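Below is one structure, written out as structure tokens; comments come after it.
The values are calculated or read from the model by the stated rules, or taken from the named source; none is laboratory data. The structure presented is a predicted model; accordingly, all values stated were derived computationally and were not measured. Here the Cβ positions follow ideal geometry from the backbone for every residue, glycine too, while neighbour counts run over all protein chains shown.
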Amino acid sequence: MADPSSGIEAIQRARTLLFVPGNRPDRFDKAHASGADLIIIDLDASVAPEAKHEARQQALDYLRQSPASGRCIVRCNAIDSAWGRDELKALNGLPLAGVMLAKLESAAQSVEAISLLGNAPLVGLVETAIGISRVRDIASQGQCCRLAFGNMDYATDLHLEGNRWGMIYPSSELAIASRCAGLPPPVAGATPNFSDSSALMADLAFEKELGFGAKLCIHPAQVSIANAAHTPDQRQLERARRILEASQSSHAINLDGEMVDRPVIEWAQRLLGKQ
């Protein structure tokens with residue numbers, strides 16, 4: 001079994017997590033070659049009910065044999081579904097970065113998932129109104145090392161029409177819950193139009209403003225754009241270095257005509273910590 005601490009670190013530092021259907025093992029290595037920080041072998045939404053068992057077996061075979069298994073997350077079906085508990089049990093002890101639990105709706109579900117998984121790190125995918133209403137308990141009392149937003153299922157649950165206004169509240173709840181629980185910024189949901197880079201960049205900008213720190217990708221073409229969006233550029237890094245250098249002598253300084261005090265200094269420290 002992989003060291004859980006290495007999986008937690010990989011998950012918490014990840015900028016991009018790329019889905020690949022669990023019943024398409026021919027795509028697993030191609031997904032790794034995309035440049036995504038982690039790949040998600042999906043047993044949930046992208047696999048039809050009649051293919052669930054086969055997909056699980058193909059995922060298990062790959063994880064047992066591939067040297068890249070330490071960069072894999074498996075998305076299991078909801079714990080109260082017909083497949084969820086059996087999938088979690090089957091993954092216990094395997095060398096993987098972690099497990100993503102679909103439609104997480106309570107801290108009790110994440111605790112039960114860990115009891116079935118063993119020590120594997122858990123990513124909580126919050127996708128429903130019930131999950132959002134309990135997300136602070138999930139973050140603080142559960143066993144998740146990071147939260148992610150299932151934006152498309154959430155929109156379906158609330159009969160939303162596809163504009164961004166309906167995503168502001170759940171996104172803010174995820175970001176606040178993560179911060180209060182000492183977790184890294186949550187992972188933003190998928191952009192379904194993978195052929196439109198401008199739509200992806202608009203989503204990334206919107207999500208960053210709401211406090212997300214990573215992106216779920218559904219196609220390799222999205223990975224490099226999302227990685228760039230969640231990587232500090234040289235201008236930001238240089239400014240952060242100048243702020244920390246200037247703050248050595250004072251906790252409130254004037255830099256380039258702008259007052260810099262504790263919150264900005266902490267921003268610079270976090271930014272440089274991402275390198």
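Select from the stretch 37-64 the residues that are assigned to a helix (DSSP H, G or I) and polar (S, T, N, Q) and write down the one among them that is surrounded by the most Cβ atoms within 10 Å (Cβ to Cβ).
The residue in question is Gln58.
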* Structure fact -> Condition set assigned to a loop (DSSP other than H, G, I, E, B), in contact (Cβ under 8 Å) with a residue 24 or more places away in the chain and over 11 Å from the mean Cα position of the chain (by Cα), scope the stretch 1-23, selection surrounded by the most Cβ atoms within 10 Å (Cβ to Cβ): answer is Gly22
* Lone unmet requirement of (1) part of a loop (DSSP other than H, G, I, E, B); (2) farther than 14 Å from Glu207 by Cα for Cys145 -> (1)
* To do: Filter the stretch 115-142 for residues that are among the hydrophobic types (A, V, I, L, M, F, W, C) and closer than 19 Å to Asn77 by Cα and give the result.
  => Leu116, Leu117, Ala120, Leu122, Val123, Leu125, Val126, Ala129, Ile130, Ile132, Val135, Ile138
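Does Ala10 qualify as being under 20 Å from Ala228 (Cβ atoms) and in contact with a Pro (Cβ under 8 Å, 6 or more places away or on another chain)?
Values: under 20 Å from Ala228 (Cβ atoms): yes; in contact with a Pro (Cβ under 8 Å, 6 or more places away or on another chain): no.
When the stated conditions are applied, Ala10 does not pass them.
Are any of the residues in the stretch 175-188 polar (S, T, N, Q), touching a strand residue (DSSP E or B) at 6+ places or on another chain (Cβ under 9 Å) and crowded, with 19+ Cβ neighbours inside 10 Å?
Going through the stretch 175-188, the residues polar (S, T, N, Q) turn out to be 178.
Now restrict to residues that are touching a strand residue (DSSP E or B) at 6+ places or on another chain (Cβ under 9 Å): 178.
With the extra rule that they be crowded, with 19+ Cβ neighbours inside 10 Å, the set shrinks to 178.
Among the residues of the stretch 175-188, at least one is polar (S, T, N, Q), touching a strand residue (DSSP E or B) at 6+ places or on another chain (Cβ under 9 Å) and crowded, with 19+ Cβ neighbours inside 10 Å, which makes the answer yes.
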* Search the stretch 70-84 for residues that are in the same structural domain as Ala51 (by TED's automatic domain parsing) and more than 13 Å from Ala59 (Cα to Cα) and pair each with any residue that is part of a helix (DSSP H, G or I) and not polar (S, T, N, Q) when their beta-carbon atoms are under 6 Å apart and the residues are at least 6 apart or on different chains. => Asn77/Gly84; Ala78/Gly84; Ile79/Ala113; Trp83/Lys52
* Asked: Given Val47, Val74, Val99, which one is over 30 Å from Gln141 (Cα atoms) and among the hydrophobic types (A, V, I, L, M, F, W, C)?
  -> Val47
* Structure fact -> Within the stretch 204-236, the residues that are within 15 Å of the chain's Cα centre (by Cα) and among the acidic types (Asp, Glu) are Glu207
* Asked: So which of Pro95, Pro67 ends up being at pLDDT below 95, assigned to a loop (DSSP other than H, G, I, E, B) and within 24 Å of His219 (Cα to Cα)?
  -> Pro67
* Structure fact -> Flagged in the stretch 189-213 as polar (S, T, N, Q), surrounded by fewer than 22 Cβ atoms within 10 Å (Cβ to Cβ) and part of a loop (DSSP other than H, G, I, E, B), in numbering order, are Asn193, Ser195
* Only one residue in Gly166, Gly150 is under 20 Å from Phe206 (Cα atoms), surrounded by fewer than 23 Cβ atoms within 10 Å (Cβ to Cβ), touching a Leu at 6+ places or on another chain (Cβ under 6 Å) and small (Gly, Ala, Ser), so which one is that? -> Gly166
* Restricting to the stretch 125-142, what's the tally of residues that are touching a helix residue (DSSP H, G or I) at 6+ places or on another chain (Cβ under 6 Å) and in a strand (DSSP E or B)? -> 1
